[in-house]
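Encoded as structure tokens, the structure appears first; notes follow it.
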Amino acid sequence: MKNYNEQGRIVLVMKELKSIVENFDVISFDVFDTLLLRPYLKQEDLWLDLGRRELGEKDGAAFLKARISADRKTYAEATKRGGEHTLKEAYRLMPKRYASLMEKEERLQRECLVANPEMLEVWKRAGELGKTRIIVSDMYLGEAWFSETLRKNGLGDYDTLYVSSARQARKSSGKLFEIVKKDFAGKQILHVGDNRASDVDMASRIGIRSILSESPVDQFLKEFSFARQFLVRNASLEGRMLVACLARFWKDFLLQRNGVPSYWHKIGFALGGVLAAGFLSWIKERGKDLGI
């Protein structure tokens, strides 16, 4: 196919991707930052937000430290056995005072997610064409969580779910893709994801066609230098969440304009976000001065 380079890797805009899916039998989708978006730039931001909400700022920071430590240990142990770690395994390694936060973490992970408006269009198009749609994700959350979360966001009509924690095989190691390839032997499979290493390079190595779909945040940071500068100067949870949310709404605006931003859209995102962030920071500091 002329649309692919020799490794079958290419960055496509959604209109092209909607056309490309016609040539495959099975369309495989990554979840986080591909099908679903969240207001966090990294996983640790969600843990910090959870800790602050439930325990306050000081104890929230302690929770974050414990959660990161547990995640690293369980991830390393799972890697040694060639599988995947789970949420329950991580919380078993943490102080008992955090036990009640496990269900709250699952809930926050679900509640913060929204469908990627661009990828939702691709999902619907694949369905209209009668393609087999599968979910392939590396994550410590279980299949039941994925099933409910996808349904909640209008993505519940998938054909098969491949979650690393349930299959005890990861995309990043290639084992999860090997299972997919075996299950759909003889079929033309296309995988779409935002991670170059696990979604693109590994899938290609296993013999599955792959497309890199840049996350809205990555696209936003390329488009607006102010956002990159803002992150350098405002290395706070609130600052990172602001950029993630701006990226999400930026994609909505682009879809409304068929992918063509106007002068006024660019002005709004280049200046409006900065002014809003500055004003909210001032409110926060003023509140502290007043003991609020």
Inset, instruction - Quickly rank 117-128, 193-204, 78-89, 228-239 as a protection proxy: mean count of other C-beta atoms within 10 Å, highest first. - result: 193-204, 117-128, 78-89, 228-239
Legend entry - Whole-number accessible area per residue in Å² for the chain, which is evaluated in the context of all protein chains at 1.4 Å: 51
Legend entry - Axial C-alpha extent at least 20 Å, average Kyte-Doolittle at least 0.0 - helices from the chain (DSSP): 237-256, 273-289
Inset, instruction - State the percentage of accessible surface on the range 21-168 attributable to carbon and sulfur atoms; use a 1.4 Å probe and exclude ligands, DNA and RNA. - result: 45
Legend entry - the chain - mean residue ellipticity at 222 nm from DSSP helices (-39,500 (n - 2.57) per run, n ≥ 4, rounded to 500): -16500 deg cm²/dmol
Legend entry - Distance cut-off 26 Å, percentage of C-alpha pairs in the chain lying past it: 50
Legend entry - Semi-axis lengths, Å, the range 146-256, gyration tensor of Cα atoms, sqrt of 5 times eigenvalues: 32, 17, 14
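The values are calculated or read from the model by the stated rules, or taken from the named source; none is laboratory data. Predicted, not measured: the structure shown is a model, and the values here were computed from it. FYI the Cβ positions are ideal-geometry reconstructions off the backbone, even for glycines, and counts take in every protein chain you see. Accessible surface is based on the protein model in full, side chains and every heavy atom, while ligands, DNA and RNA are left aside. Shrake-Rupley method; radii C 1.70, N 1.55, O 1.52, S 1.80 Å.
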